[in-house]
Amino acid sequence: MHECHNYTTMHSRRDFLSRLGMGLGGAALATLLNPGLVSGAAGPIAGDDRIKGILKRTHFVPKVKRVIYLFQSGGPSQMELFDYKPLLDTMHGEELPDSVRKGQRLTSMTGFQNSLPLARSIFPFVQHGQSGAWVSDLLPYTARIVDELCLIKSMHTEAINHDPAITFFQTGSQIAGRPSIGSWLSYGLGSDNENLPAFVVLITKDKGGQPLYSRLWGNGFLPSLHQGVQFRSGKDPVLYLNNPDGVSAGSRRKMLDRLNDLHTLQHEALGDPEIESRIAQYEMAYRMQTSVPEVMDLSDEPDYIFDLYGNAAREPGTYAANCLLARRLAERDVKFIQLYHQGWDHHGGLPGGIRQQCKETDQASAALVLDLKQRGMLDDTLVIWGGEFGRTNYCQGRLTADDYGRDHHPRCFTIWMTGGGVKKGFSYGETDEFGYNVVRDPVHVHNFQATLMYLLGIDHERLTFKHQGRRFRLTDVHGEVVEAVLA
Amino acid sequence: MKKALFSLIVGLLILFVMLLTTGSGSPTDFDLFLGRFHPALVHLPIGILLVAVLLEILTRSGRFGSYSKAVSAVLFVGAWGAILAAFAGLYLAQGGGYDDWTLTWHKRLGVLIAVLAAGAYWLKERTRNQTHRETQNQRRGFAAVLAGLFLAVALAGHLGGELTHGEGYQTRYMPDALRNLAGLPDKEDLGRLALENPEEATTYAALIQPILDDRCVACHNPNKTKGGLLLDTQEGLLEGGDDGPAVVSGRSEESVLIQRIWLPLAHEDHMPPEGRPQLTIAEAELIRWWIDQGASFEQTLAEAEVTPTVQTILDGYGLDEIRTGIFALDVSPADSTDIEALRAVGVSVTPLAEEEPFLQVRCTNPAACAGDNLAGALQAVTAQVAWLDLGRTEASDTTLEAVSRLENLTRLHLEQTRVTDAGLAHLKGLQFLEYLNLYGTAITDEGLQHLTDLPELKALYLWQTDVTEAGVQSLQQALPDLDVNLGLSLDPPTTQASDEAEES
């Protein structure tokens, strides 16, 4: 139904005859008399049906109702954070053996480097919690919640550079244009809160680094009401949401009503489902004029909550403030809350850079998990922390006593998850002693996506959308649920 | 005729003596060589004796009266065939490894067939040689013997088939309607494990002992104890046999049990012996996995660490679909009008999942969830509501009265509501309740006492209530598996100081 202009040929002679041929003549006649009957996949225009998802029932009993994805953009170094490799301490400065790399492709940034010296982490690792997970000194707060976490140390991806890698993680394809995870969930499950979008994006302000494009939270070929909506810090959290000066709430309402009438006429004439999307978005935007300021206003948060997330949470737009905001959005049943924190791309000056990144994110990430837990929300929320790939075990650039860099490494990296349906205090997968390849229980990006969908009650193979003649899904033709991490 | 009859009697006598004297000792190779003629010999008398029955029927129908003379000759050959087949069969049985009951009856029936065939021959000959016509009684007596013979051949043949091909061979592809008549489960349930209590079933009892029972216990039981090994009990497995322990915990490669299974079939020490039903690769793999995991008799299936191979096997057993808690119940879906009535109150109602009758009910309108309307609408779906979210609404103790009737409730959100200690008394009967969120309410230690009888309660949230540590402790004595949350803090880590010093 969504193929370009398909709706204009909906009642062609061929259509009509084939319907008659299938014994559906009566139905076909009805549609001819009233095109609105079959025009939109989303059904009649009026009513609240359109905020519900395409799946009237989930495939499985869901383990979680919502996801908070703390995306660490740039590729955080697993070597400095979670994947402890004592061998690198002893082989520090020695060449990466060919027997480990086996001629695997490197980026053009280190591919022509004469020497690939192994680099140890200058940050010491200690075991934490009952689970005894190794966490470096960089993450003192995360270290305190390791018994809540499911660490996946064997993530691997296909892309070697940022944009394809992050696009792959978020849309299931390295090539831009597919719907983002949050859009798929909005399409499949709909919204639990008619006053807020099902898919909200929060980006740490004033961070440099690898750019983030809005297509990362784009709806691709899905109806546009499923796209992520970015909430910004500052006066206008959602751009162009507030009434312009001189327009009162009443006149806005009247304008919308007239506009809806026009849209409805247009929809009846053409049957383009995108018109329905447009109507829904106008109405949502109207309701958001009240709901967004309410959710963004942190003044009702007590001091001990700011203490928990760290003082930075008082300053809008920081990662800590966004984590707190994520909790507030989760409390209001926003389905997919996507945070981005840029700046993890440490090709050089890694020790200083990563220390700063951890300072900005460590406490708030841990605080978010604990805050959800004490509210009883960790049982039906999934929290994910991770980047688009990992970093090499060898040094990029000059290796000095206290400074070094690491290049992109797609063959292994660590992410963590916690929440309903996921094992706690658990570490899955293993890399070799050099931290270069996965040696046990690899988890591909598609498997991660399939697992995420499973936790929300969706069979990733059955949530599809037909576009340009084929059915698409988040995991393309791949992906298996990683059952070993399920509780 | 006398000579012929005499030869049959001699043959039968030898057969009787053998039946009484041979058990399943340790046969010589020559014994087994003779024994293996059984399958070759056995079909001959079956056919011949059935021909005798057929001829007799034809004779009596009148049109083929001349066949009468042939009947006794056919019976004679059939009787000798039966004796020889039974002869070989008794040798074959010495090899052991068969199901005791089936074997015993197969033997008895085999000998009975030989006796009946010889008896029928004698009767036929007697009437043939007498001067007067066959009497009515003779006719009936002969018919009865032949009928018995026919029955015995059919039964013995069936039991023989079971011995060779395993139990259930004949009924495997029987239509389900017939299977059910015979008290058998549907075909698609074959090979699936129906565990009564899947959460508590041990790996050993659910998966391992059944394999041993099927494949090993016929020879390794207190009556036979081949190789000094008992495989019908845990003690026997650990004690082992003449070659030492059958199982070395955690080391399948050193366990004789596994070594014997993996030997080539033709090898003398291969188990089960050649010619007996063998373990499937999946069964051998399960035993190997169980030993490598520590050969525990207590470990439950839920605790076991399942490898991908084993998962594949378990999927085949239907163990991927263990249904527990409310999902094991037979609850019919709610009426759509009842669901609509519930929605009309102002709550969101969603099915838990496709093909599940259960519902999640979420209150989106704070005022709607306080009144009698909700209580009334819930009446019609008391069995179906599994998750109920009344958090941050005006729900109060009176609302909980309606909640008390939701017999299959597993998750209940009451955070930031006006419920009090007295209201919690209504939750006493919720035997499936797993999750209870009371954060931000006026609950005190007193209220917790109403929760001590909730057998499934796993998570209880009590942040920002008046509950004390002592109150939680006394509740946890009653419910040791319960995880109680009184709020959390994230104190500055001790290593922070040194980090900051380094930075400055």
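The values are calculated or read from the model by the stated rules, or taken from the named source; none is laboratory data. As the structure is a computational prediction, the values presented were derived from the model and not from experiment. We place every Cβ from the backbone using ideal geometry, glycine too, and count neighbours over all the protein chains shown. SASA here: full protein model, heavy atoms, side chains in, ligands and nucleic acids out. Shrake-Rupley method; radii C 1.70, N 1.55, O 1.52, S 1.80 Å.
Short version: which residues of the stretch A:369-405 lose at least 10 Å² of accessible area, all chains versus chain alone, 1.4 Å probe?
A:370, A:373, A:374, A:375, A:376, A:379, A:380
Let me check the size of the protein assembly as shown from its C-alpha atoms; what are the radius of gyration and Dmax in Å?
Here Rg and the maximum Cα pair distance are 38.1, 132 Å.
Express the Stokes-Einstein translational diffusion coefficient of the stretch A:327-395 in µm² s⁻¹, to the nearest whole number, given a Kirkwood radius over alpha-carbon pairs, 25 °C and a viscosity of 0.890 mPa s.
My calculation gives 174 µm²/s for D.
Can you pull the three principal axis extents for the Cα set of chain B, in Å, largest first?
Principal-axis extents of the Cα atoms in chain B, largest first: 117, 63, 36 Å.
Loop-only trypsin sites (Lys or Arg not before Pro) in the stretch B:67-147, please: DSSP not H, G, I, E or B, and at most 13 other Cβ atoms within 10 Å. Numbers along the way, then the final one.
Values: sites: B:69, B:107, B:108, B:124, B:126, B:128, B:133, B:139, B:140; in loops: B:133.
Those satisfying the criteria are B:133.
Do the sum for chain A: with -39,500 (n - 2.57) for every DSSP H run of n ≥ 4, divided by all residues, what is the mean residue ellipticity at 222 nm, to the nearest 500 deg cm²/dmol?
Working: 15 runs with 161 residues, N = 487.
For chain A, the value works out to -10000 deg cm²/dmol.
Taking the simple approach of a point 7 Å from Cα along Cα-to-Cβ for both residue B:274 and residue B:243, what is their distance in nm?
1.7 nm
If you wrap a convex hull around the C-alpha atoms of the stretch A:146-280 and split its volume per residue, what is the figure in Å³?
On the way: hull volume 23.8 nm³, N = 135.
Once divided by residue count, the hull of the stretch A:146-280 is 177 Å³.
Could you work out the helix-only [θ] at 222 nm for chain B, with each DSSP H run of four or more residues adding -39,500 (n - 2.57) and the total divided by the number of residues, to the nearest 500 deg cm²/dmol? Kindly include the intermediate steps, with their values, before the conclusion.
Numbers: 19 runs with 235 residues, N = 504.
Value at 222 nm, helices only, nearest 500: -14500 deg cm²/dmol.
What spacing in nm lies between the two simple spin-label points modelled at residue A:290 and residue A:256, each 7 Å away from Cα in the Cβ direction?
1.0 nm
Just tell me which lysines come within less than 27 Å, Cα to Cα, of residue A:52; anything on the same chain fewer than 8 places away is out.
Straight-distance partners of residue A:52: A:63, A:65, A:254, A:335, A:466.
Calculate the spin-label point distance for residue A:89 paired with residue B:108, positioning each point 7 Å from the Cα along the beta-carbon direction, and give it in nanometres.
Placing both labels 7 Å along Cα→Cβ, they lie 7.5 nm apart.
Considering the convex hull of the alpha carbon atoms of the stretch A:191-342, report its projected area averaged over all viewing directions, in nm², one decimal. Please list the in-between numbers first.
On the way: hull surface 41.6 nm².
Result: a mean projected hull area of 10.4 nm².
With Cβ to Cβ distances under 12 Å as the rule, what net charge do the other residues near residue B:280 carry (K, R +1; D, E -1)?
Numbers: positive: B:215; negative: B:214, B:283, B:285.
Result for the local shell: -2.
Pick out the long, greasy-scoring helices in chain A: whole DSSP H runs spanning 27 Å or more along their own axis by Cα, mean Kyte-Doolittle at least -0.5. Could the numbers behind the result be given before it?
Numbers: long enough: A:249-270 (31 Å, -0.85); A:273-296 (31 Å, -0.48); A:350-374 (35 Å, -0.36).
Membrane-span-like by this rule: A:273-296, A:350-374.
Taking just the C-alpha trace of the stretch B:210-368, give me its Rg and Dmax in Å.
24.9, 80
Counting DSSP beta bridges with both partners in the protein assembly as shown, what percentage is antiparallel, nearest 5?
Details: 32 of 73 bridges.
The antiparallel proportion sits near 45 percent.
State the answer as a single residue: which of B:370, B:118, B:403 lies farthest towards the positive end of the charge dipole of the protein assembly as shown, with beta carbon charges of +1 for Lys and Arg and -1 for Asp and Glu, about the Cα centre.
B:118
With a Förster radius of 45 Å, plug the Cβ-Cβ distance of residue B:253 and residue B:468 into 1/(1 + (r/R0)^6) and report the FRET value to the nearest 0.05. Kindly include the intermediate steps, with their values, before the conclusion.
Details: r = 56 Å, r/R0 = 1.24.
So the FRET efficiency works out to roughly 0.20.
Roughly how many debye, to the nearest 20, is the charge dipole of the stretch B:2-165 about its Cα centre, given +1 on each Lys and Arg Cβ, -1 on each Asp and Glu Cβ, and no other charges? Mind showing how you got there, number by number?
Values: 14 positive and 8 negative charges, 209 e Å.
Here the stretch B:2-165 has a charge dipole of around 1000 debye.
Pairs on different chains or at least eight residues apart, Cα atoms closer than 24 Å: how many lysine pairs in chain B fit? Each step should come with its number before you reach the end.
Details: B:2/B:69; B:2/B:124; B:3/B:69; B:3/B:124; B:69/B:124; B:107/B:224; B:107/B:226; B:428/B:458.
Pairs that pass both the separation and distance tests number 8.
Over the protein assembly as shown, with the other protein chains present, what is the accessible area per residue in square angstrom, probe 1.4 angstrom? Please list the in-between numbers first.
Values: 45810 Å² over 991 residues.
Accessible surface, normalised per residue, equals 46 Å².
With only Lys, Arg, Asp and Glu charged, each at its Cβ (+1 for the first two, -1 for the last two), find how big the charge dipole of the stretch B:191-321 is about the Cα centre; round to the nearest 20 debye. Let's see the in-between values first.
On the way: 8 positive and 24 negative charges, 99 e Å.
Dipole magnitude for the stretch B:191-321 comes out near 480 debye.
Please report, in cubic angstrom per residue, the volume enclosed by the convex hull of the alpha-carbon atoms of chain A.
Numbers: hull volume 77.7 nm³, N = 487.
Output value, Cα hull per residue: 160 Å³.
Counting pairs of alpha carbon atoms under 8 Å apart in space and at least six apart in sequence, what relative contact order in percent does chain B give?
Details: 752 pairs, mean separation 36.0, N = 504.
Computed over chain B, the figure is 7 percent.
Got a sec? Charge dipole of the stretch B:328-485, +1 on Cβ for Lys and Arg, -1 for Asp and Glu; which of B:427, B:448, B:349 is way out at the positive end?
B:349
Based on alpha-carbon centroids, what's the gap between the stretch A:235-304 and the stretch B:429-489 in Å, whole number please?
Going from one Cα centre to the other spans 43 Å.
Among the aspartates and glutamates, which have Cα under 15 Å from the Cα of residue A:423 when same-chain residues fewer than 8 positions away are ignored?
Answer for residue A:423, where 15 Å is the Cα cut-off: A:147, A:148, A:379, A:380, A:483, B:303, B:305, listed by chain and number.
Calculate, axis by axis, the spread of Cα positions in the stretch B:2-165 along the three principal axes, and write the results as whole Å, longest axis first.
54, 32, 23
Would you mind checking the pairs A:207/A:235; A:102/A:153; A:207/A:373 and listing those with alpha carbons more than 27 angstrom apart?
Details: A:207/A:235 19 Å; A:102/A:153 21 Å; A:207/A:373 29 Å.
Correct reply: A:207/A:373.
So if R0 is 60 Å, what FRET efficiency would residue B:147 and residue A:274 give, r being the distance between their Cβ atoms, rounded to the nearest 0.05? Mind dumping the intermediate values first?
Working: r = 82 Å, r/R0 = 1.37.
Step by step, r from the Cβ atoms, then E = 0.15.
Total accessible area buried between chains B and A, 1.4 Å probe, in Å² to the nearest 100?
Working: alone 27730 and 21110 Å², together 45810 Å².
Rounded to the nearest hundred, the buried surface is 3000 Å².
If you take all C-alpha pairs in the stretch A:315-461, what percent of them are over 29 Å apart? Kindly include the intermediate steps, with their values, before the conclusion.
Details: 2707 of 10731 pairs.
Tail fraction, whole percent: 25.
Compute the relative contact order of chain A as a whole-number percentage, counting only Cα pairs closer than 8 Å that sit 6 or more residues apart in sequence.
Working: 976 pairs, mean separation 134.3, N = 487.
Dividing the mean separation by the residue count of chain A yields 28 percent.
If I require 15 Å or longer along the helix axis, counting alpha carbons, and a Kyte-Doolittle average no lower than -0.5, what helices from chain B are left? Use full DSSP H segments.
On the way: long enough: B:2-21 (28 Å, 2.18); B:38-61 (35 Å, 1.53); B:68-93 (37 Å, 1.67); B:100-129 (44 Å, -0.09); B:136-165 (43 Å, 0.52); B:281-292 (16 Å, 0.34).
Both cut-offs are met by B:2-21, B:38-61, B:68-93, B:100-129, B:136-165, B:281-292.
With just the Cα atoms defining each centre, how far is the stretch B:282-319 from the stretch B:65-129? Give it in Å.
48 Å
Can you give me the % of accessible surface on the stretch A:125-205 that is carbon or sulfur? Probe 1.4 Å, all protein chains present, nothing else counted.
Values: 970 of 2210 Å².
The C+S portion of the solvent-accessible surface of the stretch A:125-205 is 44 percent.
If you take the beta carbon distance between residue B:2 and residue B:40 as r and set R0 to 35 Å, what does 1/(1 + (r/R0)^6) give as a FRET efficiency, to the nearest 0.05? The partial results should precede the final answer.
Working: r = 31 Å, r/R0 = 0.88.
Between residue B:2 and residue B:40 the formula returns 0.70.
Where nothing but the Cβ of Lys and Arg (+1) and of Asp and Glu (-1) is charged, how large is the charge dipole of the protein assembly as shown around its Cα centre, in debye to the nearest 20? Write down the numbers at each step before the final one.
Values: 84 positive and 121 negative charges, 1062 e Å.
The calculated dipole for the protein assembly as shown is roughly 5100 debye.
Taking accessible area as the heavy-atom solvent-accessible surface of the protein chains with a 1.4 Å probe, which residues of the stretch A:351-367 lose no less than 40 Å² upon going from the isolated chain to the full protein assembly?
Those are A:355, A:359, which lose 40 Å² or more relative to the chain on its own.
Taking the Cβ of residue B:97 as the centre, find all other residues whose Cβ is under 11 Å away and add up their charges (Lys, Arg: +1; Asp, Glu: -1). Please report the intermediate quantities before stating the final value.
Values: positive: B:215, B:224, B:226, B:276; negative: B:99, B:100, B:274.
Every neighbour counted, the sum reads +1.
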